[in-house]
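Worksheet: the structure to be examined is printed underneath.
The values are calculated or read from the model by the stated rules, or taken from the named source; none is laboratory data. Computed from a predicted model, the values in this text were never measured in an experiment. Every residue, glycine as well, gets a Cβ built from its backbone with ideal geometry; the counts of neighbours run over all protein chains shown. Ligands, DNA and RNA are excluded from the accessible area calculation, which covers all protein heavy atoms including side chains. Shrake-Rupley method; radii C 1.70, N 1.55, O 1.52, S 1.80 Å.
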Amino acid sequence: ILCLSPFFCSPLQAGLDFEKTEIKHTAKHSDTEVGAEFKFKVSGGKTVRITDIATYCSCLKAKAKDGRTEFKDGEEGVIETAFLLGTFEGEVSKQVAITTDDPAQPEIILAVRVAIPPVFKVEPESLKWEVGEEPKPKTMKFTVVHEKDINVTGLVSSRENMTAEVKEITKGREYAITLTPKTTTEVMLGVLRVETDAPYARFKKRLLFFNVTKPKAAPAP
């Protein structure tokens, strides 16, 4: 058998033959979404119907091109995906589950992997106190790793019981963010929104986290 197609070709293989089941991308800072197309061809001498396309994450959209769900032997198709970058940073991987009516190939897993270069580096990314601990201030180091200067313009705490202050170390490059609980008498979970003048919409705010947790139980003697 001579196979002139870039797709995998074999008389023993039936169903949807994908050119790739994993696609990798590197996003730009200005990107708000990244698209990927998974091309396939039907083989095996029978028609295959796609019964479901699921992503299990609102950040990833997926559909069959032109809304087609039924493909005859030899026909080609495309699963189109769009990854919404939101506030993601670093290496992110999301999956698409394709369900078909072919009992020999009921589910196919596709993967979209995106490298999203960071704009900020935060150490640590969350602060924690224990219930009953002295409510002393704790500090995060907020560093701009983008080539251009970006300023912290404001802080918004989701909890009235947690105060937040920012100190400029190096303008546009480095900041110290200090959180201080008014009390640690109760368990608390909250979010700190760091507002910036970043030139990209999705980096104009950075979410950090804080919590007051129950003390760990002492190990049994």
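If the chain between THR185 and CYS57 were fully stretched, how many nm would it gain, using 0.36 nm times the residue separation less the Cα-Cα distance?
Here the answer is 42.5 nm.
Distance in nm between label sites at ASN151 and PHE88, each 7 Å beyond Cα in the beta-carbon direction?
For the pair ASN151/PHE88, the computed spacing is 3.2 nm.
Restricting to bridges with both residues inside the chain, how much of the DSSP beta-bridge set is antiparallel, in percent to the nearest 5?
So the antiparallel bridges in the chain amount to around 85 percent.
Expressed as a whole number of Å, what is the distance separating the alpha-carbon centroids of the range 97-125 and the range 146-162?
Answer, in whole Å: 30.
For the chain, what is the charge dipole size about the Cα centre, in debye to the nearest 20, if Lys and Arg each add +1 at the Cβ and Asp and Glu each add -1 at the Cβ?
580 debye
Averaged over all directions, how much area does the convex hull of the C-alpha atoms of the range 166-221 cover when projected, in nm²?
Average of the hull's projected areas for the range 166-221 equals 6.4 nm².
Please work out how much length the chain gains when fully extended from VAL78 to LYS205, using 0.36 nm per residue of separation minus the C-alpha to C-alpha distance, in nm with one decimal.
42.2 nm
Which whole-number percent gives the relative contact order of the range 113-221, counting Cα pairs below 8 Å spaced six or more residues apart?
Relative contact order here is 30 percent.
For the range 67-221, which whole percent of the accessible surface, found with a 1.4 angstrom probe, sits on carbon and sulfur atoms?
On the range 67-221, the fraction of accessible area on carbon and sulfur atoms equals 52 percent.
What percent does the relative contact order of the chain come to when contacts are Cα pairs within less than 8 Å and at least six residues apart?
Taking the mean separation of contacting Cα pairs over the length of the chain, I get 16 percent.
How far is it, in nm, from the label point at GLU19 to the one at ALA115 when both lie 7 Å from their Cα along the line to the Cβ?
2.2 nm
How big is the shadow of the Cα convex hull of the chain, averaged over all directions, in nm²?
It is 19.0 nm².
In the chain, with Lys and Arg counted as +1 and Asp and Glu as -1 at Cβ, which of these residues, LEU85, PRO106, THR196, has the Cα nearest the positive end of the dipole, that is, farthest along it?
THR196
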